[in-house]
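Single-structure report; data block below.
No lab work stands behind these numbers, since they all come straight from the coordinates. Bear in mind that the values here come from a model prediction, so they are computed numbers and not experimental data. Neighbour counts are summed over all protein chains in view; Cβ atoms, including those assigned to glycine, are modelled from backbone coordinates with ideal geometry.
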Amino acid sequence: MFYVYRIQSETFPEQRYIGFTADLKMRIDTHNAGGSVRTSKYKPWKWISYHAFSEKRRAQEFEYYLKTGSGKALANKRFW
């Protein structure tokens, strides 16, 4: 399975991140260990939700969409 996930900083709740992975446990551990330049200064992170896909391409397309203007609007209205 491939996942598009949403996480939120526990110390800075206004900081949110959308990403893609095939291993959810490893990915949140990486974020919380400071292994991602984009998220390291806002750790620790907590899960908000994730969406599972059987096809890698579909997951990547959904992640890309959520990072566009209309995708951000949808996520802000329906997911956060």
Over the chain, how many pairs of lysines fall under 23 Å by alpha carbon, counting only those 8 or more apart in sequence or from different chains? 15
Please identify every one of the GluC sites (Glu not before Pro) in the chain that sits in a loop by DSSP and has no more than 11 other beta carbons within 10 Å of its own beta carbon. Glu14, Glu55
Test of the criteria: in the range 1-66, which trypsin sites (Lys or Arg not before Pro) are in a DSSP loop and have at most 13 other Cβ atoms within 10 angstrom of their Cβ? Arg38
Using only Cα atoms, locate the centre of the range 38-80 and the centre of the range 1-33, then give the distance between them in Å, rounded to an integer. 9 Å
